[in-house]
1. Across the stretch 245-279, what is the total count of residues that are of a type outside the set (A, V, I, L, M) and more than 19 Å from the chain's Cα centre (by Cα)?
2. Scan the stretch 5-28 residue by residue and report those that are over 17 Å from Ala78 (Cα atoms) and open to solvent by 50 Å² or more (accessible area, probe 1.4 Å).
3. Mind counting the residues in the stretch 174-233 that are open to solvent by 60 Å² or more (accessible area, probe 1.4 Å), of a type in the set (Gly, Ala, Ser) and touching a residue at least 12 places away in the same chain (Cβ under 8 Å)?
4. Return the total of residues in the stretch 113-137 being of a type in the set (A, V, I, L, M, F, W, C) and surrounded by 15 or more Cβ atoms within 10 Å (Cβ to Cβ).
5. Can you pull out the helices (runs of 4 or more DSSP H) entirely within the stretch 60-137 that have at least 1 residues that are more than 26 Å from the chain's Cα centre (by Cα) and over 18 Å from Gly163 (Cα atoms)?
6. Please specify each residue of the stretch 29-53 satisfying the condition of being out of contact with any Asp or Glu (no Cβ under 8 Å at 6 or more places or on another chain), within 22 Å of Leu80 (Cα to Cα), open to solvent by 60 Å² or more (accessible area, probe 1.4 Å) and assigned to a helix (DSSP H, G or I).
7. Any residue at all in the stretch 146-163 that's over 17 Å from Pro200 (Cα atoms), of a type in the set (Asp, Glu) and either outside any strand (DSSP E or B) or open to solvent by less than 40 Å² (accessible area, probe 1.4 Å) (or both)?
8. Can we say Cys237 is modelled with pLDDT of 90 or more, among the hydrophobic types (A, V, I, L, M, F, W, C), surrounded by 14 or more Cβ atoms within 10 Å (Cβ to Cβ) and over 27 Å from the mean Cα position of the chain (by Cα)?
Amino acid sequence: MNNYRASMQELEMFAAIAQHLSFRKAAEERNVTPSSLSHAMRNFEERLGVRLLHRTTRKVALTEAGERFLLRIQPALADLSQAVDELNDWRRDPRGMLRISMPRSAEALFFQSLILPFVQRFPEITLEIDSNDALVDIVESGFDAGVRYGDVLAQDMIAVPFGKPMRALAVASPAFLAQHGVPQFPAELLQFPCIERRFPSGRRYRWEFWQDGRKQEVAVKGSLVLDNNERILQAACAGLGIAFLHQDAVNAALAKGELVEILTEYTQIEEGFWLYYPSRKYLSAPLRHFIDWIKDINN
């Protein structure tokens, strides 16, 4: 290396690019432009005298030297990051970045009651939320934690309840029910226009009902397919079909008489969202405080 000493900034820059294998994503994480990051990386490699990355117009990959270098510096970077973060325990108000991926429905349901109060209580913590209905690999994407509906998670994840469990309700407008009638059993929904939900993967959501403790899924059909709770609610109030939404999302419309709940006896099971994060021995101070925060609210 000709006595060249890499700076902490350069090591973190390389680690970010290696993690994402994308200059654009790494630049977003470091709040710089992709071109400036690429230029800085070239200067770093030139001063080292070793190529760490293979670059093409389509992708970025690590060279063999880059892979070995990453394996050596990752533990050191993690230790340094932990040492700095542990100083948070000596501060009255912890600080740092907390990145969480969550479905848009969870953000809408808990933004007012859970997320905003946390930001008000810990103003030194920068909370970055990516509201995305896709199934995100939080480790690969650089998130500290994620939120998911239901408790089906990878084995190496720890999960705690995120907000109170609630029912998912089948609802329709009074005018719709007057015109089409009222289904008496979940399977009868196949004969009614329903407002479908589409996930980013293209998969359509199968509505979930319960009978005698057993889950029953119905692949409803309709002429309107949406991916947004607010639009689904609007469409249901407009009489365009039966909708399936969480209770807190429809309470106001039910109270005003804009919607009517149906199939009540088949939606008595409450399920909830979960905050999940990797099962590491060390958690950053912002994540620890967020976990304690939601535990306190849930109790």
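The values are calculated or read from the model by the stated rules, or taken from the named source; none is laboratory data. These numbers were taken from a predicted model, which means no experiment stands behind them. All Cβ positions, even for glycine, are placed from backbone atoms using ideal geometry, and neighbour counts span all protein chains on display. With ligands, DNA and RNA removed, areas are computed over all heavy atoms of the protein, side chains included. Shrake-Rupley method; radii C 1.70, N 1.55, O 1.52, S 1.80 Å.
1. In the first step, residues of the stretch 245-279 are kept if they are of a type outside the set (A, V, I, L, M); the result is 246-248, 251, 256-258, 261, 264-268, 270-274, 276-279.
Add one more test, that the residue is more than 19 Å from the chain's Cα centre (by Cα), and what stays is 247-248, 251, 256-258, 261, 264-268, 270.
Going through the stretch 245-279 one residue at a time, the tally reaches 13.
2. Arg5, Leu21, Arg24, Lys25, Glu28
3. 3
4. Here is the first cut: in the stretch 113-137, the ones of a type in the set (A, V, I, L, M, F, W, C) are 114-116, 118-119, 122, 125, 127, 129, 134-136.
Adding the requirement that they be surrounded by 15 or more Cβ atoms within 10 Å (Cβ to Cβ) leaves 114-115, 118, 122, 125, 127, 129, 136.
Within the stretch 113-137, residues that are of a type in the set (A, V, I, L, M, F, W, C) and surrounded by 15 or more Cβ atoms within 10 Å (Cβ to Cβ) number 8.
5. Values: elements: 64-86, 104-110, 116-121.
Result: 64-86.
6. Glu29
7. Kept after step one, since they are over 17 Å from Pro200 (Cα atoms), are these residues of the stretch 146-163: 150-163.
This time we only want the ones that are of a type in the set (Asp, Glu), so: 151, 156.
Cutting the leftovers down to either outside any strand (DSSP E or B) or open to solvent by less than 40 Å² (accessible area, probe 1.4 Å) (or both) gives us 151, 156.
Yes, the stretch 146-163 has at least one match.
8. When the stated conditions are applied, Cys237 passes them.
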